[in-house]
Amino acid sequence: AQSVTQLGSHVSVSEGALVLLRCNYSSSVPPYLFWYVQYPNQGLQLLLKYTTGATLVKGINGFEAEFKKSETSFHLTKPSAHMSDAAEYFCAVTNRDDKIIFGKGTRLHILP
Amino acid sequence: DGGITQSPKYLFRKEGQNVTLSCEQNLNHDAMYWYRQDPGQGLRLIYYSQIVNDFQKGDIAEGYSVSREKKESFPLTVTSAQKNPTAFYLCASTRSFDSEAFFGQGTRLTVV
């Protein structure tokens, strides 16, 4: 069975500082991994995805994530936070044989 | 433009009433999903469907029902058996299990 764990339900960073949102997964077969962003009262939008190939994945709005198989991790980073990055972020995992599973989400707060 | 349309955006239900939330997609996706979102609890899967005329219960199916008579439509009925229906409901679709999910804008249901 697959699972996703996001460490920290709330993360606060100062504007201009590094953003790091943590995601660990469990999957018995090679996973496909995703990060989504949700703004208030809206649906989720895809930020980036890893399926196969290069382990460092670049997404929209300057975000990137690195797939580390040995650590079963897929942490999301952005070098410099902007006020517009304040939102809730969800990590998700799937594979060919099973439905997509979402983590519980991390709310990112940007401090001026 | 292709996408997922949820309606209505806001819905009010009296206690003891059934209400139906609409979800339509024109992405030609096979799989569709319904999630419930409550503050601090992430996305919880209610029902999902991989093909027309077939669907499976998710983690919190009690008090809900669905149908999948057409590929593009996956309506969710919140029945009077659901004791705490006030929540934000999200519909999503995927081309297949190993592809990213596309989300609607959500329906906020409130019991009055």
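No value in this document is a laboratory result; all are computed from the given coordinates. Given the structure is predicted, the values throughout are model-derived calculations rather than measurements. Note: ideal-geometry Cβ built from the backbone for every residue, glycine included; neighbour counts use all protein chains shown.
Please find, in a Gaussian network model of chain B (springs between Cα atoms separated by less than 10 Å), the residue of B:Asp54, B:Asp38, B:Asp98 whose mean-square fluctuation is greatest.
Highest fluctuation of the listed residues: B:Asp98.
For each pair in A:Lys78/A:Lys99; A:Lys49/A:Lys78; A:Lys49/A:Lys69, compute the distance between the two Cα atoms and list the pairs where it is over 18 Å. Mind dumping the intermediate values first?
Details: A:Lys78/A:Lys99 28 Å; A:Lys49/A:Lys78 15 Å; A:Lys49/A:Lys69 15 Å.
Cα-Cα > 18 Å for A:Lys78/A:Lys99; rest within.
Residue farthest toward the positive end of the dipole of region A:10-112, with Cβ of Lys/Arg at +1 and Asp/Glu at -1: which of A:Tyr36, A:His10, A:Tyr50?
A:Tyr50
In nanometres, what is the gap between the two model label sites at A:Leu56 and B:Ser96, each 7 Å from Cα along Cα-to-Cβ?
In this crude spin-label approximation the distance works out to 3.0 nm.
Residues with beta-carbon under 13 Å from that of A:Leu21, excluding A:Leu21: net charge, scoring Lys, Arg +1 and Asp, Glu -1? Could the numbers behind the result be given before it?
Working: positive: A:Arg22, A:Lys78, A:Lys104, A:Arg107; negative: A:Glu64, A:Glu66, A:Asp85, A:Glu88.
For residues surrounding A:Leu21, the net value is 0.
At a Förster radius of 30 Å, what calculated FRET efficiency corresponds to the Cβ-Cβ distance of A:Asp97 and B:Asn18, to the nearest 0.05? Don't skip to the end; give the middle numbers.
Working: r = 34 Å, r/R0 = 1.15.
Efficiency, from the Cβ-Cβ distance: 0.30.
Could you work out the local net charge near B:Ala101, counting Lys and Arg as +1, Asp and Glu as -1, over the other residues with Cβ closer than 12 Å to its Cβ? Could you put the intermediate results ahead of the total?
Numbers: positive: A:Lys49, A:Lys99, B:Arg95; negative: B:Asp98, B:Glu100.
Residues near B:Ala101 contribute +1 overall.
Pick out, in residue order, every one of the trypsin sites (Lys or Arg not before Pro) in region B:1-40 that is DSSP loop and has at most 11 other C-beta atoms within 10 Å; say none if there are none. Mind dumping the intermediate values first?
Working: sites: B:Lys9, B:Arg13, B:Lys14, B:Arg36; in loops: B:Lys9, B:Lys14.
When the trypsin sites (Lys or Arg not before Pro) of region B:1-40 are filtered for loop state and at most 11 Cβ neighbours within 10 Å, B:Lys9, B:Lys14 remain.
About its Cα centre, what dipole magnitude does the protein assembly as shown give when the only charges are +1 on Lys and Arg Cβ and -1 on Asp and Glu Cβ, stated in debye to the nearest 20?
Values: 22 positive and 20 negative charges, 58 e Å.
Computed about the Cα centre, the dipole is about 280 debye.
Quick check: net charge around B:Lys70, other residues with Cβ under 15 Å of its Cβ, Lys/Arg +1 and Asp/Glu -1? Each step should come with its number before you reach the end.
Numbers: positive: B:Arg68, B:Lys71; negative: B:Glu24, B:Asp30, B:Asp54, B:Glu69, B:Glu72.
Value of the local net charge: -3.
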